[in-house]
Amino acid sequence: MKTFISSIILIFLTALVNAQTVNEGTMVVMPGTVVSTLFDFDNRPTGDFVNDGEFYVYANFNNDGLVTFTPGPAVDGYTRFQGTAVQKISGLMPSEFKDVLFYNQSAQPAFQLSGDISISGNAEFNQGIVKNDDFDGSISFEQEADHTNTWNGSHVDGKVIKNGSTDFIYPIGDKNFYRYARISAPAETASTFTGKYFFENSNGLYPHTSKQPEIEMINNREYWTLTKDGGTSDILLTLSWDELNTTPANVIASPESDIHIVRWDAVQNRWVDEGGVADVASRTVTTAVEVSGYGVFTLARVKTINPDCVTIYNAVTPDLNDGKNDYFFIDCLENYPDNSVEVYNRWGVKVFETKKYDTNGNVFRGYSDGRVTIDGSKKLPTGTYFYILNYKVQDAGNNYTKRKAGYLYLQTE
């Protein structure tokens, strides 16, 4: 059974109206112990606060000293922000939390974050929006950190930082709408990526008329930012859509083939196509390969340039010896000799790459090609792979690059 302790180091009372719980020394909440404060909690510059149990915060929270927990599975390390009025989370020094609950049903945003906090375990966004956008605070998720129960009524309105080498869904939103983005797992633990969502038209800052020719219609109601702030690894990016509240219906009218992720390229000063494969069931679009840059992203409708006869057959069964699907067959590609084909495994590792596909025998038969990270001439295991086909076409005298991407099913056993 847990022991409940109401621990007050020092209380300042002013005409019985204002009160604070102040820590100026060392305060440790032991595992299996619950500590709560009804008043504003103020951890002074000399204060060391270690939460290895449960700590209930019913008012404001400020940290100018040390707030942390002891790493290890035997430690609870649960901080619960459960106020009935707007709660301010502030401080001159960063606060390190293991698990956090945000539960506050007062007017939004229920949490005003002007300090810096980091989460190493789980953040439960139950009730109340955590807003740092106007208050200059930051919220970071460490290597194995995650979040649960995120929705329109509880998320982060502002920037979210992700540190480490695990994939991550950003619990971000704006104007009471939760609109997440997701990154794949970077290769380095030193990686840092920061994401933010804007429920506003990007056209004023990033003109929609300045774009690659194949981009037909750019989302004019919302956009995301993603920056790479640490490490050298790149990621696959996933953006979500919400046709009921934020995403224009005409942009996602034919998501299976016509919706891509686009990025504002500050060097070219225009929107560029990052490609994408739509998952209608989850209402998401994911880039086929790692993004080519960072900054401003949104969804866009891409137009079909010069419809062609190219047809992709995505089953490869070379070991059946039945004369069918012996290699990755792309019909009519001979009409577009300026082409390239890439194949990736489920972890994003390139296993095959060639130009002028299906000429002089350069086809994918289920073997790596030796110029990439998988050993050459090694038979690949049965499974699902991902292909990217780029080929040049002409339209009205202009050359364009078309991209097709999708799943490839290989059976080698």
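The values are calculated or read from the model by the stated rules, or taken from the named source; none is laboratory data. Remember, predicted model here, so these are calculated numbers, not experimental data. All Cβ positions, even for glycine, are placed from backbone atoms using ideal geometry, and neighbour counts span all protein chains on display.
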task: Take the stretch 272-283 and flag every residue that is under 15 Å from LEU226 (Cβ atoms) and not aliphatic (A, V, I, L, M).
output: GLU274, GLY276
Test for SER210: is it of a type outside the set (Asp, Glu), more than 30 Å from GLU144 (Cα to Cα), surrounded by fewer than 19 Cβ atoms within 10 Å (Cβ to Cβ) and out of contact with any Lys or Arg (no Cβ under 6 Å at 6 or more places or on another chain): no
- request: Would you mind finding the one in THR37, THR84 that is in contact (Cβ under 8 Å) with a residue 12 or more places away in the chain, crowded, with 18+ Cβ neighbours inside 10 Å and either not assigned by TED's automatic domain parsing to the domain that holds THR150 or not basic (Lys, Arg) (or both)?
  value: THR37
- prompt: Restricting the stretch 245-260 to residues that are at pLDDT below 95 and surrounded by 20 or more Cβ atoms within 10 Å (Cβ to Cβ), which is nearest to LYS211 (Cα to Cα)?
  reply: HIS260
message: Based on this model, can you work out whether ASP338 counts as surrounded by 13 or more Cβ atoms within 10 Å (Cβ to Cβ), in contact (Cβ under 8 Å) with a residue 24 or more places away in the chain and among the charged types (D, E, K, R)?
response: no
- prompt: Which of the residues belonging to the stretch 73-103 are part of a strand (DSSP E or B) and more than 19 Å from PHE39 (Cα to Cα)?
  reply: GLU96, PHE97, ASP99
query: So how many residues does the stretch 223-243 have that are in contact (Cβ under 8 Å) with a residue 60 or more places away in the chain, assigned to a loop (DSSP other than H, G, I, E, B) and over 17 Å from THR286 (Cα atoms)?
result: 1
- request: Within the stretch 367-398, track down each residue that is part of a loop (DSSP other than H, G, I, E, B), at pLDDT below 80 and not charged (D, E, K, R).
  value: GLY370, VAL372, THR373, ILE374, GLY376, SER377, ALA396, GLY397
